[in-house]
Amino acid sequence: MNPQKVTLFKALLHVGYLRVAPRTLSRGNNLVQLKFSDGTGKWYIDTPFGGGIYSSSKDALHALVLRFAVDVEDLKKMAEIGFTYAQEELDNYEKTINKIEQKSTKAFMDFMKEEKKNENENIDRSTLNDILREFKKQVVFSRLEKELERNNNTCPVCGKEFFSSASLYNHASRTSNMKEAHRNFLMLIMNEVTGLTP
């Protein structure tokens, strides 16, 4: 395939995004739209981890990586068909993920310090919930993804098969089967990424 003709749209189709409307792609809960106004195209991205509007394919792809809507395997496939920006993202993937983890961990730890300082005052629980939700999605899920890779897409506690870090997290935190062992597994993960016990 000619690299000049491989667009982000085609690259996303190649990794399993489906056309759901004109110039609109979807995979899972991720939605990507290309809209034109005054002859200029803009990418509209909406994911469970946030969204935004981007003026270039390069910026849009980076946003998809930051929001876990495109993973390292997707980038490899995109690079193989000649989508240049995918190779750039692939080369910087570890750096990008580390930056996300550091930023999220810092936000979480800063909030916990503030909460400790002000434990006798009223805390805005919605702010804590937002931070905890983002921390879980961006740091804990990323760490669980590595567990899945290490264990051939199975739960390291009971061996049940999973294909996403979110489903493994939900399973480990809610299952009644080997409940204590699953809880201990999650506690070890949380300790590893924060130094705190959940």
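The values are calculated or read from the model by the stated rules, or taken from the named source; none is laboratory data. If you're wondering where the values come from, they're calculated on a predicted model, not measured in any experiment. Counting neighbours? That spans all protein chains shown, and the Cβs are built from the backbone with ideal geometry, glycine included. The area values use the complete protein model at the heavy-atom level, side chains included, leaving out ligands, DNA and RNA. Shrake-Rupley method; radii C 1.70, N 1.55, O 1.52, S 1.80 Å.
Values as computed for the structure displayed
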{"quantity": "Gain upon complete extension [residue 44, residue 184; 0.36 nm per residue less C-alpha separation]", "calculated": "46.4 nm"}
{"quantity": "Inter-label distance, nm, simple model (7 Å from Cα along the C-beta direction), residue 87/residue 5", "calculated": "1.9"}
{"quantity": "Square roots of 5 times each gyration tensor eigenvalue, C-alpha, the range 1-98, largest first, Å", "calculated": "19, 16, 13"}
{"quantity": "Rounded percent of accessible protein surface that carbon and sulfur make up, the range 139-195, 1.4 Å probe", "calculated": "47"}
{"quantity": "Whole-number Å³ per residue for the convex hull built on Cα positions in the range 31-84", "calculated": "77"}
{"quantity": "Nearest-20 debye value, the range 8-93 charge dipole, Cβ charges on Lys, Arg, Asp, Glu", "calculated": "360"}
{"quantity": "Stretchable slack from residue 77 to residue 13, in nm (0.36 nm times residue separation minus alpha-carbon distance)", "calculated": "22.0 nm"}
